[in-house]
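The values are calculated or read from the model by the stated rules, or taken from the named source; none is laboratory data. Keep in mind it's a predicted model, so treat the numbers as computed, not measured. Virtual Cβ from ideal backbone geometry, glycine too; neighbours counted across all protein chains shown.
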Amino acid sequence: MTLCDLSSLYSPTGGGIRTYYNARLAWFSRQRHHRYVLIVPSRRNAVVRASHAATVIEVRGPRVTRDPSGYRLLLDVPAVTRIVRELRPDVLETGDPWISGPIGLSCRRHVRGVVSSFYHSDVMGTYLQPWADRGDATRPVRAVMARTAQRALVALQVAYDLTLVGSAGLAERLRRSGVQRVHVLSLGVDAGLYRSDGRSRAQARIRRLLFAGRLDADKDVDVLLQILPALLRRTDVEVTVAGKGSRQTVLEHLRHPRFRYVGFVADRSSLRALLTTHHVLLAPGRYETFGLAALEASAAGMIVVGPDTGGTAELLMQLQRPFIFEAGNADSFLATIERALDSDFDAGSADSRALARRYGTWDAVVSQGVELYARTLDAERR
């Protein structure tokens, strides 16, 4: 099988989506029965080989952030079309609904089998609906525009042979909107996190709290910023923030003996070290389609505090003792963190690890995705 990924959501400083694609590159590079090509926007046109079976093709595209290593737009349609035409993949998977999706569908005639979509980002819930709900005089106009955009997105999504999503809740929302060919493919974690030190955390005098993710409004970082002073007033708490984004300047200039801002952590072993040396993950983002950071923290034995909506909520509700707050409510977030700080850490850690083990490793997840495509291709060819 030749599998081609087409995505505008891959960047050197990306988060969970970058982890997903890197896991695919690693899996395909270790086998000989399949071929994998990842097409992404970059500062240049280049071909980067991980092995004979795994290749990254970079296509020049304009950046959308001030950071040159941040996200870029995959706008060179002729170049992408030429690559897909020459490759003639069995499966073409698109990674975002607004750029790579339409390009992928336009390349259908060059694909031997399936054109699919991995719905990594819930555009309507994360961006359009909050924009439409802003309370000012133009709200009725924005509401009409948002409904029009949603109908267009649904029409686009229906055109794929298959839509992959990370959670059952998102799958159900898509089915209710009219997208029926949906399959849940949950994400995984690095195997090393399952092997991390399981020693008791309950005896630690200082509770170490961690936020790791993109520092932008759609990740609800502003809710964290609201409660940070109150958290740091507790002499038994240390807070670490890892990530980059529009709010990083505030965090870079924050000076406190029990606060650390470590920037973007690109190396997986360094991220693993953060997860295994902290006690509580702060995961306020209400728009997560899966909640990969929460799953990785759970695998490392951390307690996770997350919102009552989105993929993180769906994940945490499987715990015996979930720490869930009212999404977007700073007071509720702070109260839930304090409840987690006063909880039985050893019991919470064991509960988290048991949850994570039900999801498995990235190798298992990538293998499941390949098997799903193999079955879909067999059904298409019958």
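Evaluated against (1) more than 27 Å from ALA217 (Cα to Cα); (2) touching a Phe, Trp or Tyr at 6+ places or on another chain (Cβ under 7 Å); (3) hydroxyl-bearing (Ser, Thr, Tyr), THR336 falls short on exactly one condition, (1).
Table: residues versus (1) under 25 Å from GLY166 (Cα atoms); (2) among the β-branched types (Val, Ile, Thr); (3) buried (at least 20 other Cβ atoms within 10 Å of the Cβ).
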{"position": "PRO284", "(1), (2), (3)": "yes, no, yes"}
{"position": "ALA299", "(1), (2), (3)": "yes, no, yes"}
{"position": "GLY311", "(1), (2), (3)": "yes, no, yes"}
{"position": "GLU326", "(1), (2), (3)": "yes, no, no"}
{"position": "ILE337", "(1), (2), (3)": "no, yes, yes"}
{"position": "SER349", "(1), (2), (3)": "yes, no, yes"}
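Pull out all pairs, ordered by first then second residue, where Cβ-Cβ is under 8 Å, the residues are six or more apart or on different chains, the first lies in region 48-74 and is touching a residue at least 12 places away in the same chain (Cβ under 8 Å) and in the same structural domain as LEU38 (by TED's automatic domain parsing), and the second is in a loop (DSSP other than H, G, I, E, B) and among the acidic types (Asp, Glu). Every condition considered, the pairs that remain are VAL59/ASP76; ARG60/ASP76; GLY61/ASP76.
Might you let me know whether region 242-250 holds any residue that is under 17 Å from the mean Cα position of the chain (by Cα), surrounded by fewer than 14 Cβ atoms within 10 Å (Cβ to Cβ) and free of Cβ contacts under 8 Å to residues at least 60 places away in the same chain? Looking through region 242-250, none of the residues is under 17 Å from the mean Cα position of the chain (by Cα), surrounded by fewer than 14 Cβ atoms within 10 Å (Cβ to Cβ) and free of Cβ contacts under 8 Å to residues at least 60 places away in the same chain. Quick check: anything in region 76-89 basic (Lys, Arg), assigned by TED's automatic domain parsing to the domain that holds ASN22 and either crowded, with 21+ Cβ neighbours inside 10 Å or modelled with pLDDT under 95 (or both)? Scanning region 76-89, I find no residue that is basic (Lys, Arg), assigned by TED's automatic domain parsing to the domain that holds ASN22 and either crowded, with 21+ Cβ neighbours inside 10 Å or modelled with pLDDT under 95 (or both), so the answer is no.
Beta carbons closer than 9 Å, at least 6 apart along the sequence or on distinct chains, pair a first residue in region 131-156 that is under 17 Å from GLY178 (Cβ atoms) with a second that is polar (S, T, N, Q) and not in a helix (DSSP H, G or I) for LEU156/SER117.
Among the residues of region 164-187, those that are over 19 Å from TYR287 (Cα atoms) and buried (at least 18 other Cβ atoms within 10 Å of the Cβ) comprise VAL179, VAL182.
Scanning region 80-106 for residues that are more than 30 Å from ALA217 (Cα to Cα) and in contact (Cβ under 8 Å) with a residue 40 or more places away in the chain gives VAL80, ILE83, VAL84, LEU87, ARG88, PRO89, ASP90, VAL91, LEU92, LEU105. Among the candidates LEU105, LEU92, LEU74, the residue that is closer than 28 Å to ARG151 by Cα, in contact with a helix residue (DSSP H, G or I) (Cβ under 9 Å, 6 or more places away or on another chain) and part of a loop (DSSP other than H, G, I, E, B) is uniquely LEU74.
Taking region 290-337 as the range and being assigned to a loop (DSSP other than H, G, I, E, B) and of a type in the set (Ser, Thr, Tyr) as the test, only THR309 passes.
For beta carbons closer than 7 Å, sequence separation of 6+ or different chains, a first residue in region 259-274 that is among the hydroxyl-bearing types (Ser, Thr, Tyr) and a second that is part of a helix (DSSP H, G or I), the qualifying pairs are TYR261/LEU251; TYR261/GLU252. Considering ALA313, ALA347, ALA327, the condition of being farther than 30 Å from LEU174 by Cβ and among the hydrophobic types (A, V, I, L, M, F, W, C) is satisfied by ALA347 alone. Would you confirm whether or not region 259-281 contains a residue that is in a helix (DSSP H, G or I), within 19 Å of ASP308 (Cβ to Cβ) and at pLDDT 95 or above? No - not one qualifying residue is present in region 259-281. Note on region 1-70: enclosed strands (runs of 3 or more DSSP E) holding 1 or more residues that are within 25 Å of ASP378 (Cβ to Cβ) and in contact with a Phe, Trp or Tyr (Cβ under 9 Å, 6 or more places away or on another chain) are 2-6, 35-42, 54-60. Within region 143-159, the residues that satisfy the criterion of being under 23 Å from the mean Cα position of the chain (by Cα) and under 19 Å from VAL114 (Cβ atoms) are LEU156, GLN157, VAL158. Contact map, region 284-302: first residue assigned by TED's automatic domain parsing to the domain that holds LEU316, second residue among the acidic types (Asp, Glu) and in a helix (DSSP H, G or I), Cβ cut-off under 6 Å, separation 6 or more or different chains; pairs are TYR287/ASP218.
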